[in-house]
Amino acid sequence: MTMIEIERPKELARLRRLALAAQGLLQAQPFGRGLAGAREAINHLGYVQIDTISVVERAHHHVVHSRVPGFKPDMINQLLIDKDIFEYWAHAAAFLPIADFRFSLPYKHALKSGQTHWFKNPDKKFMGELLARIESDGPLRSRDLETTTTKRSGWWDWKPAKKALEQLYMQGDLMVRDREGFQKTYDLTERVLPSHVNLKMPSMEEFATHIIDQQLRCHGLASLKGFTYQRRNSELRNTVKTLVNERLAQGDLERVKVRSGEVFIVETGALERPLPRLRNHMLILSPFDNSVIQRERLNALFQYEYQLECYVPEAKRQYGYFCLPLVYRDAFIGRMDCKAHRKTRQLEIKFLHFEPHTFDEGLVVTAFVEAIRQFCHFQQCDSVSLTNVHPEHLSQRLRSALTALG
């Protein structure tokens, strides 16, 4: 099996473009617009991670907004109601295409058979009572489990009820029917699922094939480790490795090695395919964006070291609480720590940091200001403030351009 060695900057640039184009980050509207575009984006990406941090618009909305013009946050819930997507666990809580439902079954089966996700020794008697209650009385909102009384007992005892509800959801007896913000409505799986959904348990080979195809589709290239990112199932990892090696031997896939020593798998001929032209365009991405979540891959491909510092003690933070990666043309060239003040409709940029790069500064500033204009609209903010900038000599130029936005 031959190995393609990526040595020249031009070759690496092509690899980067392949990765970004596969993610839908180079084209103007790769998945279409609005609700239909949001549906197609999630189908293509395979999942969109759900996160509760709200200093800016939440991650699952941000990820789709970065790829779909005309997207509005309430469209995610509409897709849930329309049964185009479902909520479950990928490597984290996520929205997934309903067409991929059967590939959630192995993990649900494992949890039902005793594997632990969050809670050891789930209260099966209580779970049965809760399930019977939903079956007879209908869907249950998560807030229906909350009570303001200090004396708790029986079904209204919030902590055990919440645990039971989550266990029933994780093992597949319940599904999220719809959402109101972070308040979820649960119902019996058979009452939520549309009739056309395939419910056949996939074999390990089918599951591995699905993962390989999905990762190559949405990333363009993947490392052997990346194919099964955050999946602990050793049998699945081994099956993926076997299938990848078979496809390599058959010539359907090929290996590409970058300077760091990282080896990626691509479909044969992928590096010769026509790719979208690069535009002087900037994207402000979520820290949970599908393109950045695999940090080792991000560093190997783009030489961009990224850490989400909200989990780091404040004194040890280098860039800020919730820094958003910045992509210009085919490079990650900076990060921005900001907060949307919704009451005053102001976007506060606490720290804007640009990495050393060879791009024209004037073009970068113009692209950033346009990206901020769109980002403000998405955050429902009318004005922008800018506190700290690196490099400092860009401060005045940026402030003047951003002031014109307000």
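Suppose the filter is in a strand (DSSP E or B) and either surrounded by fewer than 18 Cβ atoms within 10 Å (Cβ to Cβ) or touching a residue at least 40 places away in the same chain (Cβ under 8 Å) (or both); does Leu363 pass it? When the stated conditions are applied, Leu363 does not pass them.
Across the range 350-357, not a single residue is classified as basic (Lys, Arg), outside any strand (DSSP E or B) and open to solvent by 70 Å² or more (accessible area, probe 1.4 Å). Restricting attention to the range 79-96, the residues that are modelled with pLDDT of 95 or more, open to solvent by 20 Å² or more (accessible area, probe 1.4 Å) and touching a Leu at 6+ places or on another chain (Cβ under 8 Å) total 1.
Let me confirm something: among Val327, Val312, which residue is at pLDDT below 95, of a type in the set (A, V, I, L, M, F, W, C), open to solvent by less than 30 Å² (accessible area, probe 1.4 Å) and out of contact with any helix residue (DSSP H, G or I) (no Cβ under 6 Å at 6 or more places or on another chain)? Just one listed residue meets the conditions, Val312.
Tell me, yes or no, whether the range 275-283 has at least one residue that is part of a helix (DSSP H, G or I), under 22 Å from Gln214 (Cβ atoms) and in contact with a helix residue (DSSP H, G or I) (Cβ under 8 Å, 6 or more places away or on another chain). No: zero hits.
Among the residues making up the range 24-48, those that are under 15 Å from Gln214 (Cβ atoms) and either in contact (Cβ under 8 Å) with a residue 40 or more places away in the chain or in contact with a Pro (Cβ under 7 Å, 6 or more places away or on another chain) (or both) are Gly24, Ile42, Asn43, His44, Leu45, Gly46, Tyr47, Val48. Considering only residues in the range 98-118 that are touching a strand residue (DSSP E or B) at 6+ places or on another chain (Cβ under 9 Å) and not acidic (Asp, Glu), the one that is most open to solvent (accessible area, probe 1.4 Å) turns out to be Tyr107. As a summary of the residue check, Val68 satisfies the conditions (1) out of contact with any Ser or Thr (no Cβ under 9 Å at 6 or more places or on another chain); (2) open to solvent by 20 Å² or more (accessible area, probe 1.4 Å); (3) within 30 Å of Gln29 (Cα to Cα) except for the one numbered (2). Take the range 36-65 and flag every residue that is more than 24 Å from Tyr311 (Cα to Cα), open to solvent by 20 Å² or more (accessible area, probe 1.4 Å) and of a type outside the set (D, E, K, R). Selection gives Ala36, Asn43, His44, His65.
Of the helices (runs of 4 or more DSSP H) lying entirely inside the range 97-195, those containing at least 3 residues that are at pLDDT below 80 and farther than 19 Å from Gln78 by Cα are 158-170. Within the range 315-324, the set of residues being touching a residue at least 60 places away in the same chain (Cβ under 8 Å) and surrounded by 21 or more Cβ atoms within 10 Å (Cβ to Cβ) comprises Leu324 only. Checking the stated criteria, Asp337 turns out not to satisfy the condition of being acidic (Asp, Glu) and at pLDDT below 95. Reported count of residues in the range 210-244, each being out of contact with any helix residue (DSSP H, G or I) (no Cβ under 9 Å at 6 or more places or on another chain) and closer than 18 Å to Ala270 by Cβ, is 1. Does Phe86 satisfy being within 17 Å of the chain's Cα centre (by Cα), in contact (Cβ under 8 Å) with a residue 12 or more places away in the chain and within 25 Å of Met201 (Cα to Cα)? Yes; evaluated as a whole, the condition is true for this residue.
Every residue, every condition in (1) in contact (Cβ under 8 Å) with a residue 24 or more places away in the chain; (2) under 22 Å from Gln49 (Cβ atoms); (3) touching a helix residue (DSSP H, G or I) at 6+ places or on another chain (Cβ under 8 Å); (4) of a type outside the set (Phe, Trp, Tyr), yes or no:
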position: Glu305; (1), (2), (3), (4): no, yes, yes, yes
position: Ile333; (1), (2), (3), (4): yes, no, yes, yes
position: Ile372; (1), (2), (3), (4): yes, no, yes, yes
position: Ser395; (1), (2), (3), (4): no, no, no, yes
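May I ask you to say which residue of Gln380, Gln396 is at positive phi, exposed (fewer than 14 other Cβ atoms within 10 Å of the Cβ) and of a type outside the set (Val, Ile, Thr)? None of the other options fit; the residue is Gln380.
Taking the numbered list (1) surrounded by 14 or more Cβ atoms within 10 Å (Cβ to Cβ); (2) among the aromatic types (Phe, Trp, Tyr); (3) free of Cβ contacts under 8 Å to residues at least 24 places away in the same chain in turn, Tyr229 passes all entries but (3).
Results for (1) under 27 Å from Thr358 (Cβ atoms); (2) more than 16 Å from the chain's Cα centre (by Cα); (3) not aliphatic (A, V, I, L, M), shown as yes or no for each residue.
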{"position": "Met3", "(1), (2), (3)": "no, yes, no"}
{"position": "Ile6", "(1), (2), (3)": "yes, yes, no"}
{"position": "Arg14", "(1), (2), (3)": "yes, yes, yes"}
{"position": "Leu18", "(1), (2), (3)": "yes, yes, no"}
{"position": "Ala22", "(1), (2), (3)": "yes, no, no"}
{"position": "Leu26", "(1), (2), (3)": "yes, yes, no"}
{"position": "Gly32", "(1), (2), (3)": "no, yes, yes"}
{"position": "Leu35", "(1), (2), (3)": "no, yes, no"}
{"position": "Glu40", "(1), (2), (3)": "no, no, yes"}
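The values are calculated or read from the model by the stated rules, or taken from the named source; none is laboratory data. Computed from a predicted model, the values in this text were never measured in an experiment. Using ideal geometry, Cβ is built from the backbone for each residue, glycine included, and neighbour counts are taken over all protein chains shown. Note: areas computed on protein heavy atoms with side chains; ligands, DNA, RNA excluded. Shrake-Rupley method; radii C 1.70, N 1.55, O 1.52, S 1.80 Å.
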